[in-house]
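Written below as structure tokens is the structure these notes are about.
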Amino acid sequence: MAILNDDIKQQVREVLSDLNAPVKLVVFTQGEGGAIECQMCAETRALIEEVAALSDKVSVEVRDFVKDSEVAEAYGIDKIPAVAVVREGDEPADFGIRLFGIPSGYEFGTLIEDIRLASSGNPELSEKTLAQLAQLTSPVQIQVFVTPTCPYCPRAVLLAHRLAMASNLITAAMVEATEFPHLANRYQVYGVPRTVINDVIHIEGAVPETMLISKLMNVKDDAFMQQARLRWEANLN
């Protein structure tokens, strides 16, 4: 049974009609086609396959999270369902753009924009932001927690994905909060979008580019302070 109706399919065809480079969507699932396929994995795989069928420049590669564990590790996939959005063609690149959980509701638009973003190879960030990102010297992980009904979440996710595209030290992931409640609890996600940088910086709402980059560039100081606090608390016990 098709997930997308004919009207949406036509809209997606039009949006993806002018892609520059081809894009591969690497889907990680488990127990494909069988009764043990993970919750939401089958739906995610089917949705990605339907989208790919709407453009001759979009392809799908399905991987089993367990059987293809080395591939999952190479892509930094630690939970499923997951999708890595990868540019192919003459200048292939993995920009660190990840989607954990089914990109449904408002996040379906994020998936389509991610495809266009990866195909273009242009992060569409300000020169000041690009200059600041060039100063990074250590890896940065950005997680943006979302729900399908949140209209502000796609803006936060896409900004994080643009930052990942602009720096090979950054990986950025959409995380569907209701599919990964243990992570939502761990990071105290009471509202969305909630952006978490390197586990130490938490940002509420869809903030402007200047504010997010400012927080990101302070990640080292925040990490140092958190480690100092943990050592202090350990000494008290």
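The values are calculated or read from the model by the stated rules, or taken from the named source; none is laboratory data. The model shown is predicted, which means the values in this text are computed figures rather than measured ones. Ideal geometry is used to build each Cβ from the backbone, glycine not excepted, and the neighbour counts take in all protein chains shown.
Look at (1) surrounded by fewer than 17 Cβ atoms within 10 Å (Cβ to Cβ); (2) under 27 Å from Ser214 (Cα atoms) and you find that Asp78 fails only one, number (2). Only residues that are buried (at least 21 other Cβ atoms within 10 Å of the Cβ), farther than 14 Å from Ile48 by Cβ and among the hydroxyl-bearing types (Ser, Thr, Tyr) were counted in region 89-128, giving 1. Return yes when Gly96 is under 17 Å from Pro148 (Cβ atoms), among the small types (Gly, Ala, Ser) and modelled with pLDDT of 95 or more and no when it is not. No. For region 84-91, check the following and say yes or no: at least one residue is more than 14 Å from the chain's Cα centre (by Cα), touching a residue at least 40 places away in the same chain (Cβ under 8 Å) and over 27 Å from Lys9 (Cβ atoms). Yes: one or more hits.
The residues in region 102-144 that are in a helix (DSSP H, G or I) and either in contact (Cβ under 8 Å) with a residue 12 or more places away in the chain or not aliphatic (A, V, I, L, M) (or both) can be counted, and the count is 21. Only a single item in (1) without any contact (Cβ under 8 Å) to a residue 60 or more places away in the chain; (2) under 26 Å from Arg87 (Cβ atoms) is not met by Gly205, and it is number (2). Selection of region 145-174 for residues being assigned to a strand (DSSP E or B), buried (at least 24 other Cβ atoms within 10 Å of the Cβ) and among the β-branched types (Val, Ile, Thr) yields only Val146. Over 28 Å from Gln39 (Cβ atoms), in a helix (DSSP H, G or I), within 17 Å of the chain's Cα centre (by Cα) and not hydroxyl-bearing (Ser, Thr, Tyr): does that describe Leu183? Here the answer is no, as Leu183 does not meet what is asked. When the residues of region 1-29 are filtered to those that are in contact with a Leu (Cβ under 7 Å, 6 or more places away or on another chain) and aliphatic (A, V, I, L, M), the one that is surrounded by the fewest Cβ atoms within 10 Å (Cβ to Cβ) is Ile3.
Going through (1) touching a residue at least 60 places away in the same chain (Cβ under 8 Å); (2) crowded, with 18+ Cβ neighbours inside 10 Å one by one, Glu37 falls short only on (1). Residues in region 14-32 that are without any contact (Cβ under 8 Å) to a residue 60 or more places away in the chain and of a type outside the set (Asp, Glu): Ser17, Val27, Phe28, Thr29, Gln30, Gly31.
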